[in-house]
Amino acid sequence: MFCNQCEQTARGKGCTVRGVCGKTPEVSDMQDLLMHALRGLAHFAGEGRRVGVIDPDTDRFTAKAIFSTLTNVNFDAKRVQELIEQCVGHRERLKEKVASAGGKTRFEDPAAGFTPAASLDELIKQGRSVGQVWNSNLDEDTQSVQQILVFGIRGLAAYADHAAILGQEDASVYTFIYEALSSLVRTDLSLNDWVALALKCGEVNFLALELLDKANTSAYGHPVPTPVPLDHLKGKCILVSGHDLKDLAGLLEQTEGKGITVYTHGEMLPAHGYPKLKAHKHLYGHFGTAWQNQRQEFERFPGAILMTTNCIQEPRDVYRDNIFTTGMVGWPGIQHVKNGEFGPVIEKARAMPGFGADEDKGKVMVGFAHNTVLSIADKVIEGVKTGAIRHFVLVAGCDGAKPGRNYYTELVEKLPGDTVVLTLACGKFRFFDKQLGDIGGIPRLLDVGQCNDAYSAVKIALALASAFNCGVNELPLSLVLSWYEQKAVSILLTLLHLGIKDIRLGPSLPAFVSPNVLDVLVKNFGLKPTKTPDEDIAAILGRK
Ligand code: SF4
Ligand code: SF3
(Lines give C-alpha, C1' and ligand atoms only; values in the text may rest on other atoms or scores of the structure.)
(Ligands and ions follow the chains in the order given, each with its own letter.)
Protein backbone atom coordinates (compact mmCIF):
# COMPACT_ATOMS: atom_id res chain seq x y z
CA MET A 1 0.00 0.00 0.00
CA PHE A 2 0.95 3.62 -0.36
CA CYS A 3 -1.20 6.45 0.96
CA ASN A 4 -0.07 9.97 1.79
CA GLN A 5 -3.35 11.84 1.45
CA CYS A 6 -3.83 13.09 5.00
CA GLU A 7 -1.93 15.08 7.56
CA GLN A 8 -1.24 12.17 9.91
CA THR A 9 0.52 10.10 7.24
CA ALA A 10 3.32 7.91 8.63
CA ARG A 11 6.63 9.75 9.24
CA GLY A 12 5.23 12.72 7.33
CA LYS A 13 5.86 10.76 4.11
CA GLY A 14 3.33 8.02 3.48
CA CYS A 15 1.63 5.01 5.06
CA THR A 16 3.11 1.85 3.58
CA VAL A 17 2.43 -0.90 6.11
CA ARG A 18 -0.92 0.10 7.60
CA GLY A 19 -2.63 3.46 7.76
CA VAL A 20 -2.13 5.55 10.88
CA CYS A 21 -5.91 6.02 10.47
CA GLY A 22 -6.41 2.25 10.72
CA LYS A 23 -6.75 1.61 6.98
CA THR A 24 -5.49 -1.87 6.13
CA PRO A 25 -3.18 -2.46 3.16
CA GLU A 26 -6.01 -4.49 1.58
CA VAL A 27 -8.48 -1.60 1.75
CA SER A 28 -5.82 0.80 0.50
CA ASP A 29 -5.11 -1.45 -2.51
CA MET A 30 -8.85 -1.77 -3.15
CA GLN A 31 -9.25 2.01 -3.06
CA ASP A 32 -6.43 2.33 -5.58
CA LEU A 33 -8.29 -0.15 -7.78
CA LEU A 34 -11.54 1.80 -7.38
CA MET A 35 -9.79 5.00 -8.48
CA HIS A 36 -8.33 3.08 -11.44
CA ALA A 37 -11.81 1.87 -12.39
CA LEU A 38 -13.19 5.41 -12.00
CA ARG A 39 -10.47 6.77 -14.29
CA GLY A 40 -11.59 4.19 -16.84
CA LEU A 41 -15.20 5.31 -16.44
CA ALA A 42 -14.16 8.97 -16.73
CA HIS A 43 -12.94 8.46 -20.33
CA PHE A 44 -16.40 7.31 -21.42
CA ALA A 45 -18.24 9.90 -19.37
CA GLY A 46 -16.05 12.68 -20.82
CA GLU A 47 -16.57 11.41 -24.36
CA GLY A 48 -20.29 11.03 -23.59
CA ARG A 49 -20.49 14.71 -22.76
CA ARG A 50 -18.83 15.53 -26.10
CA VAL A 51 -21.57 13.64 -27.99
CA GLY A 52 -24.46 14.73 -25.77
CA VAL A 53 -24.71 11.67 -23.52
CA ILE A 54 -25.09 12.54 -19.83
CA ASP A 55 -26.12 9.88 -17.38
CA PRO A 56 -27.14 11.42 -14.02
CA ASP A 57 -26.99 8.05 -12.24
CA THR A 58 -23.37 7.61 -13.29
CA ASP A 59 -22.58 11.17 -12.19
CA ARG A 60 -24.07 10.62 -8.74
CA PHE A 61 -22.34 7.25 -8.43
CA THR A 62 -18.97 8.76 -9.34
CA ALA A 63 -19.19 11.42 -6.61
CA LYS A 64 -20.21 8.83 -4.01
CA ALA A 65 -17.50 6.37 -5.01
CA ILE A 66 -14.78 9.05 -4.84
CA PHE A 67 -16.17 10.28 -1.49
CA SER A 68 -15.69 6.75 -0.13
CA THR A 69 -11.91 7.08 -0.62
CA LEU A 70 -11.65 10.19 1.57
CA THR A 71 -9.79 9.69 4.84
CA ASN A 72 -11.83 8.07 7.63
CA VAL A 73 -14.88 7.22 5.53
CA ASN A 74 -14.80 3.59 4.49
CA PHE A 75 -12.63 0.85 5.94
CA ASP A 76 -14.62 -2.10 4.61
CA ALA A 77 -13.01 -3.91 1.65
CA LYS A 78 -16.31 -5.62 0.75
CA ARG A 79 -18.01 -2.27 0.28
CA VAL A 80 -15.14 -1.14 -1.98
CA GLN A 81 -15.57 -4.35 -3.96
CA GLU A 82 -19.25 -3.50 -4.54
CA LEU A 83 -18.29 -0.02 -5.71
CA ILE A 84 -15.70 -1.39 -8.14
CA GLU A 85 -18.28 -3.76 -9.62
CA GLN A 86 -20.88 -0.99 -9.87
CA CYS A 87 -18.30 1.27 -11.49
CA VAL A 88 -17.62 -1.22 -14.26
CA GLY A 89 -21.38 -1.71 -14.70
CA HIS A 90 -21.83 2.06 -15.14
CA ARG A 91 -18.90 2.14 -17.57
CA GLU A 92 -20.30 -0.62 -19.76
CA ARG A 93 -23.78 0.94 -19.89
CA LEU A 94 -22.28 4.29 -20.74
CA LYS A 95 -20.07 2.74 -23.40
CA GLU A 96 -23.14 1.46 -25.23
CA LYS A 97 -24.86 4.84 -25.08
CA VAL A 98 -21.71 6.63 -26.24
CA ALA A 99 -21.31 4.18 -29.12
CA SER A 100 -24.94 4.72 -30.17
CA ALA A 101 -24.38 8.47 -30.16
CA GLY A 102 -21.36 8.05 -32.45
CA GLY A 103 -18.73 8.71 -29.76
CA LYS A 104 -15.33 7.12 -29.37
CA THR A 105 -15.21 3.94 -27.28
CA ARG A 106 -11.53 3.00 -27.55
CA PHE A 107 -8.99 4.58 -25.23
CA GLU A 108 -5.31 3.87 -24.76
CA ASP A 109 -5.58 3.94 -20.97
CA PRO A 110 -5.82 0.28 -19.80
CA ALA A 111 -8.20 1.48 -17.07
CA ALA A 112 -10.87 1.96 -19.77
CA GLY A 113 -10.94 -1.79 -20.41
CA PHE A 114 -10.33 -2.98 -16.86
CA THR A 115 -12.07 -6.23 -15.90
CA PRO A 116 -12.45 -6.80 -12.18
CA ALA A 117 -11.41 -10.18 -10.78
CA ALA A 118 -14.14 -12.32 -9.26
CA SER A 119 -12.79 -12.67 -5.72
CA LEU A 120 -11.78 -10.11 -3.13
CA ASP A 121 -8.28 -11.63 -2.84
CA GLU A 122 -7.72 -11.34 -6.58
CA LEU A 123 -9.08 -7.80 -6.61
CA ILE A 124 -6.60 -6.81 -3.91
CA LYS A 125 -3.80 -8.19 -6.11
CA GLN A 126 -5.15 -6.20 -9.06
CA GLY A 127 -5.17 -3.09 -6.86
CA ARG A 128 -1.56 -3.66 -5.89
CA SER A 129 -0.52 -4.01 -9.51
CA VAL A 130 -2.33 -0.91 -10.83
CA GLY A 131 -0.87 1.28 -8.06
CA GLN A 132 -1.67 4.97 -7.83
CA VAL A 133 -4.21 6.75 -9.99
CA TRP A 134 -1.70 9.50 -10.77
CA ASN A 135 1.27 8.89 -13.03
CA SER A 136 4.08 7.58 -10.83
CA ASN A 137 6.55 7.68 -13.75
CA LEU A 138 6.54 11.47 -14.03
CA ASP A 139 8.90 13.88 -12.29
CA GLU A 140 8.41 14.64 -8.60
CA ASP A 141 6.82 18.06 -9.15
CA THR A 142 4.25 16.93 -11.72
CA GLN A 143 3.34 14.00 -9.49
CA SER A 144 2.99 16.41 -6.60
CA VAL A 145 0.50 18.63 -8.48
CA GLN A 146 -1.34 15.54 -9.78
CA GLN A 147 -1.76 14.41 -6.18
CA ILE A 148 -3.00 17.85 -5.14
CA LEU A 149 -5.53 17.52 -7.96
CA VAL A 150 -6.61 13.97 -7.02
CA PHE A 151 -7.02 14.87 -3.34
CA GLY A 152 -8.79 18.11 -4.26
CA ILE A 153 -11.20 16.05 -6.34
CA ARG A 154 -11.90 13.84 -3.33
CA GLY A 155 -12.98 16.89 -1.34
CA LEU A 156 -14.94 18.23 -4.30
CA ALA A 157 -16.74 14.89 -4.76
CA ALA A 158 -17.69 14.87 -1.08
CA TYR A 159 -19.23 18.35 -1.34
CA ALA A 160 -20.96 17.52 -4.62
CA ASP A 161 -22.46 14.42 -3.03
CA HIS A 162 -23.67 16.35 0.03
CA ALA A 163 -25.35 18.92 -2.21
CA ALA A 164 -26.87 16.26 -4.52
CA ILE A 165 -28.37 14.42 -1.54
CA LEU A 166 -30.45 17.55 -0.93
CA GLY A 167 -31.29 18.00 -4.61
CA GLN A 168 -28.69 20.57 -5.69
CA GLU A 169 -26.52 19.58 -8.63
CA ASP A 170 -24.71 21.15 -11.53
CA ALA A 171 -23.57 18.86 -14.34
CA SER A 172 -20.40 20.94 -14.81
CA VAL A 173 -19.08 19.71 -11.45
CA TYR A 174 -19.12 16.09 -12.65
CA THR A 175 -17.79 17.14 -16.06
CA PHE A 176 -14.72 18.56 -14.34
CA ILE A 177 -14.25 15.45 -12.20
CA TYR A 178 -14.21 13.32 -15.36
CA GLU A 179 -11.88 15.74 -17.14
CA ALA A 180 -9.43 15.73 -14.24
CA LEU A 181 -9.48 11.95 -13.74
CA SER A 182 -9.05 11.13 -17.40
CA SER A 183 -6.25 13.74 -17.70
CA LEU A 184 -4.10 11.85 -15.22
CA VAL A 185 -2.76 9.61 -18.01
CA ARG A 186 -1.82 12.53 -20.26
CA THR A 187 1.87 13.15 -20.78
CA ASP A 188 1.54 16.22 -23.01
CA LEU A 189 0.74 18.68 -20.20
CA SER A 190 3.30 21.02 -18.66
CA LEU A 191 3.65 21.65 -14.94
CA ASN A 192 1.80 24.93 -15.48
CA ASP A 193 -1.08 23.05 -17.11
CA TRP A 194 -1.33 20.79 -14.08
CA VAL A 195 -1.27 23.79 -11.75
CA ALA A 196 -4.07 25.34 -13.83
CA LEU A 197 -6.11 22.12 -13.50
CA ALA A 198 -5.59 22.11 -9.72
CA LEU A 199 -6.76 25.74 -9.52
CA LYS A 200 -9.73 24.85 -11.70
CA CYS A 201 -10.56 22.19 -9.13
CA GLY A 202 -10.68 25.05 -6.61
CA GLU A 203 -12.99 27.01 -8.90
CA VAL A 204 -15.36 24.08 -9.40
CA ASN A 205 -15.22 23.34 -5.69
CA PHE A 206 -16.44 26.88 -5.01
CA LEU A 207 -19.47 26.07 -7.14
CA ALA A 208 -20.00 22.81 -5.26
CA LEU A 209 -19.78 24.67 -1.94
CA GLU A 210 -22.27 27.25 -3.18
CA LEU A 211 -24.64 24.43 -4.22
CA LEU A 212 -24.24 22.85 -0.82
CA ASP A 213 -25.00 26.13 0.94
CA LYS A 214 -28.13 26.46 -1.17
CA ALA A 215 -29.02 22.81 -0.47
CA ASN A 216 -28.69 23.13 3.31
CA THR A 217 -30.36 26.51 3.64
CA SER A 218 -33.25 25.74 1.31
CA ALA A 219 -33.94 22.47 3.12
CA TYR A 220 -33.50 23.65 6.71
CA GLY A 221 -33.48 27.48 6.63
CA HIS A 222 -30.60 29.89 7.25
CA PRO A 223 -28.81 29.15 10.54
CA VAL A 224 -29.64 31.58 13.36
CA PRO A 225 -27.64 32.25 16.55
CA THR A 226 -28.49 29.39 18.90
CA PRO A 227 -27.12 28.39 22.30
CA VAL A 228 -26.30 24.67 22.46
CA PRO A 229 -26.16 22.95 25.86
CA LEU A 230 -23.13 20.81 26.59
CA ASP A 231 -24.95 18.82 29.27
CA HIS A 232 -27.51 16.06 28.78
CA LEU A 233 -31.04 15.21 29.78
CA LYS A 234 -32.03 12.10 31.72
CA GLY A 235 -33.25 9.33 29.44
CA LYS A 236 -32.69 7.36 26.23
CA CYS A 237 -30.39 8.93 23.68
CA ILE A 238 -28.86 8.86 20.20
CA LEU A 239 -25.63 10.58 19.16
CA VAL A 240 -25.23 11.73 15.55
CA SER A 241 -21.79 12.48 14.13
CA GLY A 242 -20.46 13.42 10.68
CA HIS A 243 -21.71 16.11 8.32
CA ASP A 244 -24.94 14.87 6.72
CA LEU A 245 -27.86 17.09 7.74
CA LYS A 246 -30.42 14.99 5.86
CA ASP A 247 -29.55 11.95 7.94
CA LEU A 248 -29.97 14.00 11.11
CA ALA A 249 -33.30 15.38 9.86
CA GLY A 250 -34.53 11.85 9.03
CA LEU A 251 -33.50 10.54 12.42
CA LEU A 252 -35.22 13.46 14.17
CA GLU A 253 -38.43 12.74 12.29
CA GLN A 254 -38.28 9.04 13.08
CA THR A 255 -37.64 9.65 16.81
CA GLU A 256 -40.33 12.34 17.19
CA GLY A 257 -42.46 11.63 20.27
CA LYS A 258 -40.53 8.46 21.13
CA GLY A 259 -38.95 9.79 24.32
CA ILE A 260 -35.44 9.68 22.85
CA THR A 261 -33.15 12.72 23.05
CA VAL A 262 -30.82 13.37 20.10
CA TYR A 263 -27.34 14.86 20.58
CA THR A 264 -24.80 16.04 18.05
CA HIS A 265 -21.14 15.08 17.98
CA GLY A 266 -18.18 16.57 16.08
CA GLU A 267 -19.08 18.34 12.84
CA MET A 268 -22.81 17.94 13.50
CA LEU A 269 -22.70 20.73 16.14
CA PRO A 270 -23.71 23.57 13.73
CA ALA A 271 -26.92 21.65 12.89
CA HIS A 272 -28.47 23.20 16.02
CA GLY A 273 -28.60 26.58 14.26
CA TYR A 274 -30.90 25.49 11.40
CA PRO A 275 -34.52 26.55 12.09
CA LYS A 276 -36.09 23.39 10.67
CA LEU A 277 -33.76 21.12 12.62
CA LYS A 278 -33.96 23.01 15.91
CA ALA A 279 -37.75 22.91 15.63
CA HIS A 280 -37.43 19.30 16.84
CA LYS A 281 -37.37 19.81 20.59
CA HIS A 282 -35.70 16.45 21.20
CA LEU A 283 -32.58 17.70 19.38
CA TYR A 284 -31.12 18.84 22.68
CA GLY A 285 -27.39 19.37 22.97
CA HIS A 286 -23.85 18.54 21.91
CA PHE A 287 -21.77 15.69 23.32
CA GLY A 288 -17.99 15.46 22.95
CA THR A 289 -15.50 17.22 20.75
CA ALA A 290 -13.66 16.42 17.51
CA TRP A 291 -13.31 13.11 15.69
CA GLN A 292 -9.95 12.07 17.13
CA ASN A 293 -11.42 11.92 20.64
CA GLN A 294 -14.36 9.71 19.65
CA ARG A 295 -13.03 6.44 21.06
CA GLN A 296 -12.98 7.83 24.61
CA GLU A 297 -16.16 9.86 24.11
CA PHE A 298 -18.29 7.16 22.46
CA GLU A 299 -17.30 4.75 25.22
CA ARG A 300 -19.10 7.06 27.69
CA PHE A 301 -22.24 7.51 25.58
CA PRO A 302 -25.07 5.34 26.96
CA GLY A 303 -27.14 5.20 23.76
CA ALA A 304 -26.92 4.47 20.03
CA ILE A 305 -24.37 6.30 17.85
CA LEU A 306 -24.79 7.09 14.15
CA MET A 307 -21.83 8.00 11.88
CA THR A 308 -23.19 9.80 8.82
CA THR A 309 -19.85 10.67 7.14
CA ASN A 310 -16.18 11.04 8.05
CA CYS A 311 -14.42 10.75 10.46
CA ILE A 312 -14.85 7.25 11.86
CA GLN A 313 -12.13 5.53 13.88
CA GLU A 314 -11.89 1.85 14.76
CA PRO A 315 -14.73 1.29 17.24
CA ARG A 316 -13.73 -0.01 20.68
CA ASP A 317 -15.33 -3.30 21.73
CA VAL A 318 -17.38 -1.60 24.41
CA TYR A 319 -19.45 0.35 21.88
CA ARG A 320 -19.14 -1.86 18.78
CA ASP A 321 -22.70 -3.04 19.17
CA ASN A 322 -24.23 0.39 19.55
CA ILE A 323 -22.49 2.26 16.74
CA PHE A 324 -24.03 2.34 13.24
CA THR A 325 -22.75 3.64 9.92
CA THR A 326 -24.77 5.05 7.05
CA GLY A 327 -24.14 6.62 3.63
CA MET A 328 -20.60 6.04 2.37
CA VAL A 329 -19.20 5.29 5.84
CA GLY A 330 -18.18 1.73 6.59
CA TRP A 331 -16.25 -0.34 9.10
CA PRO A 332 -16.10 -4.14 8.82
CA GLY A 333 -18.53 -5.85 11.17
CA ILE A 334 -20.29 -2.60 12.14
CA GLN A 335 -24.03 -2.41 11.40
CA HIS A 336 -24.78 -0.31 8.33
CA VAL A 337 -28.19 1.28 7.87
CA LYS A 338 -29.36 2.32 4.41
CA ASN A 339 -31.84 4.62 2.74
CA GLY A 340 -32.53 6.71 5.83
CA GLU A 341 -34.19 3.79 7.61
CA PHE A 342 -32.98 4.30 11.15
CA GLY A 343 -35.19 1.66 12.85
CA PRO A 344 -32.24 -0.43 14.12
CA VAL A 345 -30.58 2.70 15.58
CA ILE A 346 -33.78 3.63 17.41
CA GLU A 347 -34.25 0.07 18.69
CA LYS A 348 -30.70 0.06 20.01
CA ALA A 349 -31.24 3.40 21.78
CA ARG A 350 -34.35 1.97 23.44
CA ALA A 351 -32.46 -1.10 24.63
CA MET A 352 -29.61 0.93 26.13
CA PRO A 353 -29.67 2.54 29.59
CA GLY A 354 -29.60 6.17 28.51
CA PHE A 355 -28.32 9.04 30.63
CA GLY A 356 -28.89 9.70 34.33
CA ALA A 357 -29.29 13.29 35.55
CA ASP A 358 -26.52 15.81 34.73
CA GLU A 359 -25.37 19.16 36.03
CA ASP A 360 -25.41 22.28 33.85
CA LYS A 361 -22.20 22.30 31.79
CA GLY A 362 -22.81 25.60 30.04
CA LYS A 363 -23.57 26.33 26.42
CA VAL A 364 -21.79 27.23 23.21
CA MET A 365 -23.19 29.48 20.48
CA VAL A 366 -23.62 28.38 16.87
CA GLY A 367 -25.39 29.88 13.86
CA PHE A 368 -23.07 32.62 12.58
CA ALA A 369 -23.23 31.65 8.92
CA HIS A 370 -23.27 34.31 6.19
CA ASN A 371 -26.92 35.26 6.58
CA THR A 372 -26.53 36.07 10.29
CA VAL A 373 -23.17 37.82 10.03
CA LEU A 374 -24.23 39.89 7.02
CA SER A 375 -27.47 40.87 8.76
CA ILE A 376 -25.30 42.76 11.27
CA ALA A 377 -22.84 43.97 8.62
CA ASP A 378 -23.52 47.63 9.51
CA LYS A 379 -22.47 47.02 13.10
CA VAL A 380 -19.40 45.08 11.98
CA ILE A 381 -18.34 47.80 9.51
CA GLU A 382 -18.90 50.47 12.16
CA GLY A 383 -16.77 48.46 14.59
CA VAL A 384 -13.91 48.36 12.08
CA LYS A 385 -14.24 52.07 11.25
CA THR A 386 -14.15 53.16 14.89
CA GLY A 387 -11.22 50.84 15.61
CA ALA A 388 -13.22 48.77 18.11
CA ILE A 389 -12.55 45.77 15.85
CA ARG A 390 -8.91 45.76 14.88
CA HIS A 391 -8.71 42.51 12.99
CA PHE A 392 -10.64 39.37 12.00
CA VAL A 393 -8.92 36.01 12.11
CA LEU A 394 -10.47 32.98 10.45
CA VAL A 395 -9.18 30.04 12.48
CA ALA A 396 -10.63 27.17 10.52
CA GLY A 397 -10.11 23.63 9.32
CA CYS A 398 -9.77 20.12 10.59
CA ASP A 399 -8.79 18.83 14.00
CA GLY A 400 -6.46 15.87 14.44
CA ALA A 401 -4.41 13.92 16.91
CA LYS A 402 -1.06 15.76 16.73
CA PRO A 403 0.03 17.54 19.93
CA GLY A 404 1.14 20.52 17.78
CA ARG A 405 -2.51 21.34 17.26
CA ASN A 406 -2.53 23.10 20.64
CA TYR A 407 -1.21 25.96 18.51
CA TYR A 408 -4.80 26.80 17.53
CA THR A 409 -6.01 26.88 21.16
CA GLU A 410 -3.14 29.10 22.17
CA LEU A 411 -3.56 31.37 19.17
CA VAL A 412 -7.22 32.01 19.95
CA GLU A 413 -6.51 32.50 23.66
CA LYS A 414 -3.74 34.97 22.94
CA LEU A 415 -5.50 37.07 20.32
CA PRO A 416 -6.19 40.49 21.86
CA GLY A 417 -9.69 41.63 22.89
CA ASP A 418 -10.13 43.86 19.84
CA THR A 419 -9.99 40.92 17.42
CA VAL A 420 -12.86 38.75 16.21
CA VAL A 421 -12.36 35.02 15.57
CA LEU A 422 -14.41 33.37 12.84
CA THR A 423 -14.26 29.61 12.86
CA LEU A 424 -15.54 26.59 10.96
CA ALA A 425 -14.95 22.83 10.74
CA CYS A 426 -13.91 20.48 13.51
CA GLY A 427 -10.69 22.36 14.35
CA LYS A 428 -12.93 24.66 16.41
CA PHE A 429 -13.12 22.07 19.18
CA ARG A 430 -9.69 23.28 20.28
CA PHE A 431 -11.41 26.46 21.56
CA PHE A 432 -15.17 26.24 20.94
CA ASP A 433 -16.12 26.57 24.61
CA LYS A 434 -13.84 29.54 25.42
CA GLN A 435 -15.64 32.60 26.71
CA LEU A 436 -14.12 35.34 24.57
CA GLY A 437 -16.74 38.01 25.29
CA ASP A 438 -18.02 40.48 22.73
CA ILE A 439 -17.20 43.77 21.04
CA GLY A 440 -20.18 46.10 21.20
CA GLY A 441 -22.58 43.17 21.14
CA ILE A 442 -20.72 41.25 18.41
CA PRO A 443 -19.43 37.97 19.88
CA ARG A 444 -15.65 37.63 19.56
CA LEU A 445 -16.04 33.96 18.60
CA LEU A 446 -18.32 33.36 15.65
CA ASP A 447 -19.04 29.75 14.64
CA VAL A 448 -19.70 29.87 10.89
CA GLY A 449 -20.44 26.13 10.67
CA GLN A 450 -18.99 22.86 9.39
CA CYS A 451 -16.12 22.51 6.92
CA ASN A 452 -19.05 22.10 4.51
CA ASP A 453 -19.89 25.76 5.18
CA ALA A 454 -16.60 27.20 3.92
CA TYR A 455 -18.71 29.02 1.32
CA SER A 456 -20.20 31.07 4.15
CA ALA A 457 -16.79 32.33 5.29
CA VAL A 458 -15.85 33.27 1.73
CA LYS A 459 -19.18 35.04 1.27
CA ILE A 460 -18.64 37.04 4.47
CA ALA A 461 -15.11 38.02 3.35
CA LEU A 462 -16.29 39.05 -0.14
CA ALA A 463 -19.16 41.12 1.33
CA LEU A 464 -16.80 42.91 3.73
CA ALA A 465 -14.37 43.59 0.88
CA SER A 466 -17.15 45.09 -1.18
CA ALA A 467 -18.36 47.21 1.79
CA PHE A 468 -14.84 48.59 2.26
CA ASN A 469 -14.35 48.88 -1.47
CA CYS A 470 -11.16 46.84 -1.43
CA GLY A 471 -9.94 43.34 -2.24
CA VAL A 472 -10.15 40.48 0.28
CA ASN A 473 -6.36 40.66 0.66
CA GLU A 474 -6.62 44.30 1.80
CA LEU A 475 -9.17 43.54 4.53
CA PRO A 476 -8.13 43.43 8.18
CA LEU A 477 -8.58 39.66 7.90
CA SER A 478 -6.10 36.79 8.23
CA LEU A 479 -6.64 33.12 7.56
CA VAL A 480 -5.03 30.55 9.82
CA LEU A 481 -6.02 27.10 8.62
CA SER A 482 -5.56 23.60 9.97
CA TRP A 483 -5.78 20.70 7.59
CA TYR A 484 -6.20 16.98 8.03
CA GLU A 485 -8.13 15.42 5.16
CA GLN A 486 -8.96 16.10 1.52
CA LYS A 487 -11.93 18.45 1.93
CA ALA A 488 -9.36 20.85 3.35
CA VAL A 489 -7.29 20.39 0.18
CA SER A 490 -10.25 21.33 -2.01
CA ILE A 491 -11.05 24.36 0.17
CA LEU A 492 -7.44 25.51 0.01
CA LEU A 493 -7.55 25.23 -3.79
CA THR A 494 -10.76 27.32 -3.77
CA LEU A 495 -9.08 30.03 -1.69
CA LEU A 496 -6.06 30.04 -4.01
CA HIS A 497 -8.35 30.19 -7.05
CA LEU A 498 -10.03 33.25 -5.48
CA GLY A 499 -6.60 34.88 -5.20
CA ILE A 500 -6.59 34.90 -1.39
CA LYS A 501 -3.03 35.35 -0.19
CA ASP A 502 -0.92 34.96 2.93
CA ILE A 503 -2.81 31.93 4.27
CA ARG A 504 -1.12 30.28 7.23
CA LEU A 505 -1.33 26.49 7.13
CA GLY A 506 -0.59 23.94 9.84
CA PRO A 507 0.08 21.95 11.84
CA SER A 508 2.42 20.51 9.19
CA LEU A 509 2.59 20.83 5.44
CA PRO A 510 1.21 18.05 3.21
CA ALA A 511 3.59 15.21 2.40
CA PHE A 512 2.44 15.38 -1.23
CA VAL A 513 3.69 18.92 -1.82
CA SER A 514 7.21 18.76 -3.30
CA PRO A 515 9.80 21.44 -2.38
CA ASN A 516 9.49 23.12 -5.80
CA VAL A 517 5.68 23.15 -5.72
CA LEU A 518 5.80 24.58 -2.21
CA ASP A 519 8.12 27.27 -3.52
CA VAL A 520 5.53 28.19 -6.18
CA LEU A 521 2.78 28.35 -3.51
CA VAL A 522 4.95 30.54 -1.29
CA LYS A 523 6.04 32.89 -4.10
CA ASN A 524 2.69 33.22 -5.88
CA PHE A 525 0.26 32.99 -2.99
CA GLY A 526 2.29 33.88 0.10
CA LEU A 527 1.24 30.53 1.64
CA LYS A 528 3.12 30.06 4.90
CA PRO A 529 3.48 27.30 7.46
CA THR A 530 2.27 28.27 10.94
CA LYS A 531 5.06 29.27 13.35
CA THR A 532 4.37 29.89 17.05
CA PRO A 533 1.13 31.62 18.14
CA ASP A 534 3.15 34.62 19.41
CA GLU A 535 5.11 35.02 16.18
CA ASP A 536 2.01 34.62 14.02
CA ILE A 537 -0.10 37.05 16.07
CA ALA A 538 2.67 39.64 15.91
CA ALA A 539 2.92 39.19 12.14
CA ILE A 540 -0.87 39.23 11.63
CA LEU A 541 -1.47 42.36 13.68
CA GLY A 542 1.67 44.09 12.47
CA ARG A 543 0.54 43.63 8.89
CA LYS A 544 -2.18 46.20 9.24
FE1 SF4 B 1 -2.21 7.09 6.15
FE2 SF4 B 1 -3.85 9.19 6.10
FE3 SF4 B 1 -3.81 7.47 4.09
FE4 SF4 B 1 -4.85 6.77 6.45
S5 SF4 B 1 -5.61 8.33 5.02
S6 SF4 B 1 -3.50 5.52 5.17
S7 SF4 B 1 -3.41 7.84 7.84
S8 SF4 B 1 -2.13 8.83 4.72
FE1 SF3 C 1 -13.16 17.29 10.58
FE2 SF3 C 1 -12.91 14.78 9.80
FE3 SF3 C 1 -11.75 17.73 8.41
FE4 SF3 C 1 -15.25 18.54 8.47
S5 SF3 C 1 -14.61 15.64 10.75
S6 SF3 C 1 -13.37 18.96 9.11
S7 SF3 C 1 -11.33 16.23 9.87
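The values are calculated or read from the model by the stated rules, or taken from the named source; none is laboratory data. Here the structure is a predicted model, which is why all the values come from computation and not from measurement. FYI the Cβ positions are ideal-geometry reconstructions off the backbone, even for glycines, and counts take in every protein chain you see. Calculation scope for accessible area: heavy atoms of the full protein, side chains included, ligands and nucleic acids excluded. Shrake-Rupley method; radii C 1.70, N 1.55, O 1.52, S 1.80 Å.
Just a few scattered comments:
- Rg to Rh quotient for segment 137-206, alpha carbon positions, Kirkwood Rh: 1.01
- Overall Cα dimensions of segment 152-309, principal axis frame, Å, largest first: 64, 34, 25
- Cross-link table Lys363/Lys528; Lys214/Lys487; Lys459/Lys487; Lys276/Lys379; Lys459/Lys531, entries beyond 25 Å C-alpha to C-alpha: Lys363/Lys528; Lys276/Lys379; Lys459/Lys531
- Farthest positive-ward along segment 223-380 dipole, Cα basis, beta-carbon charges - from Pro332, Phe298, Val240: Val240
- Ordered from largest to smallest accessible area (heavy atoms of protein chains, 1.4 Å probe), the residues Arg430, Arg106 come out as Arg106, Arg430.
- Loop GluC sites (Glu not before Pro), segment 95-152, which have at most 11 other Cβ atoms in a 10 Å radius of their Cβ (DSSP): Glu108
- Cubic angstrom per residue, convex hull over Cα atoms of segment 426-490: 109 Å³
- Sorting Asp378, Asp213, Asp321 on solvent-accessible area from highest to lowest, probe radius 1.4 Å, gives Asp378, Asp321, Asp213.
- Sum of side-chain charges, Asp170 neighbourhood, beta-carbon under 12 Å (Lys, Arg +1; Asp, Glu -1): -2
- Percent of beta bridges antiparallel (DSSP, the chain, rounded to nearest 5): 15 percent
- Axial C-alpha extent at least 27 Å, average Kyte-Doolittle at least -1.0 - helices from the chain (DSSP): 25-50, 77-100, 140-165, 191-220
- Relative contact order of the chain, taken over Cα pairs closer than 8 Å and 6 or more residues apart, is 17 percent.
- Reach of Lys402 by Cα under 15 Å, taken over aspartates and glutamates that are not fewer than 8 positions away in the same chain: Glu7, Glu410, Glu485
- Sequence of Lys258, Lys531 when ordered by accessible area, the most exposed leading, probe 1.4 angstrom: Lys531, Lys258
- Kirkwood Rh, Cα atoms: Rg over Rh of the chain: 0.96
- In percent, rounded to a whole number, the relative contact order of segment 332-489 is 29, using alpha-carbon pairs under 8 Å and six or more apart.
- The alpha carbon radius of gyration of segment 38-133, expressed as a multiple of 2.2 N^0.38 Å, is 1.10.
- Debye log10 I(q)/I(0) for segment 369-409, one point scatterer per Cα, at q = 0.14, 0.20, 0.23 Å⁻¹: -0.52, -0.74, -0.81
- By the rule of a C-alpha distance below 17 Å, with chain neighbours fewer than 8 residues away ignored, the lysines paired with Lys385 are Lys544.
- Cα gyration tensor category, rounded, prolate or oblate, for segment 10-219 with a/c compared to 1.5: rounded
- Accessible area (Å², 1.4 Å probe, nearest 10) - Thr255: 0 Å²
- Rounded, prolate or oblate (a/c below 1.5 giving rounded, otherwise prolate when a/b exceeds b/c) for segment 226-351 by Cα gyration tensor: rounded
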